[in-house]
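Notes follow the structure.
Laboratory data are not the source of any read-out in this text; all were calculated from the coordinates shown. All values derive from a computational prediction rather than experimental measurement. We place every Cβ from the backbone using ideal geometry, glycine too, and count neighbours over all the protein chains shown.
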Amino acid sequence: IEKRQRRARRFWDVTAEDLDRLTAAIWPWAGETREPVRAVRSTAPKVPPLPREGQRARDKILSSITDISLAMEHLTETALKGLAYELPRCARLYMSEGPYCEAAGAEAELRREIRARYRTGRGAWYACVRVMHWDEARHEAREIDYVEERCASKDVAIERARALLAEHAHRFAPDQTVEPEVFSELEWSPLKLRAEDHEAD
């Protein structure tokens, strides 16, 4: 009964009329030229339940992953190279922990290669500028715009980042910052899939 009551408070069955109202709210300028809303039938995958003990295990695993990332964060290229060699060796010695050692070794190798890219400038690079809006206390910021360009080399990316900074310098204000950056292709991800939540502390 409680489950049905909770669902009644949080969900409703969407009708064709509801979809028309939603469409009109999103595209009020479309008028009669918009395409009619079509109903699409699909089946969502069934999500298996995660009991409290599973939630505790998940949280502990995520915390451990964070610890692994922090342990590698400030390592030098030399240290990362040694770690990337040592962890797969540990995977062969300790079979039960093997997959985790292999994954950590792959992460160490990726970070080593990124360090090498910054040292040598090898590979493709990205130039970007980020426009951030800060709250009154300047404790939190929200990303309001992001522009990036792929470049053939690190030097070209630096020049493009300077040019992008000049193009967007007029957007600088007491509550806004314009932040240039260059990074290697190994750190790039599609804009819509970026890990950033558009907020910075």
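The phi-based Karplus calculation (6.51 cos²θ - 1.76 cosθ + 1.60; θ = phi - 60°) puts the 3J(HN,Hα) values of region 76-81 at 6, 4, 5, 5, 5, 4 Hz, whole numbers, x for Gly and Pro.
Less than 5 angstrom separates the built amide H of Phe183 from those of Tyr126, all sequence-distant by 5 or more or on a different chain.
Annotation for Leu19 and Thr76: the two label points, set 7 Å from Cα along the Cα-Cβ direction, are 6.2 nm apart.
Using θ = phi - 60° in the Karplus curve 6.51 cos²θ - 1.76 cosθ + 1.60, the 3J(HN,Hα) couplings for region 50-64 round to 10, x, 4, 5, x, 5, 5, 5, 4, 4, 5, 5, 5, 5, 5 Hz; x is entered for Gly and Pro.
Take 178-189, 53-64 and order them by the average number of nearby Cβ atoms within 10 Å per residue, most first; the result is 178-189, 53-64. Of Arg89, Arg115, the sequence from fewest to most neighbouring Cβ atoms within 10 angstrom is Arg89, Arg115. Amide hydrogen proximity for Asp145: with H placed 1.01 Å from N in the peptide plane, the residues at 5 or more positions away or on another chain lying under 5 Å are Val131.
Within the shell of other residues whose beta carbon sits under 13 angstrom from the beta carbon of Leu164, the net charge comes to -2, with Lys and Arg scored +1 and Asp and Glu -1. Here the Karplus curve 6.51 cos²θ - 1.76 cosθ + 1.60, taken at θ = phi - 60°, turns the phi angles of region 128-140 into couplings of 8, 10, 10, 9, 10, 9, 9, 6, 4, 7, 6, 9, 10 Hz, with x standing for Gly and Pro.
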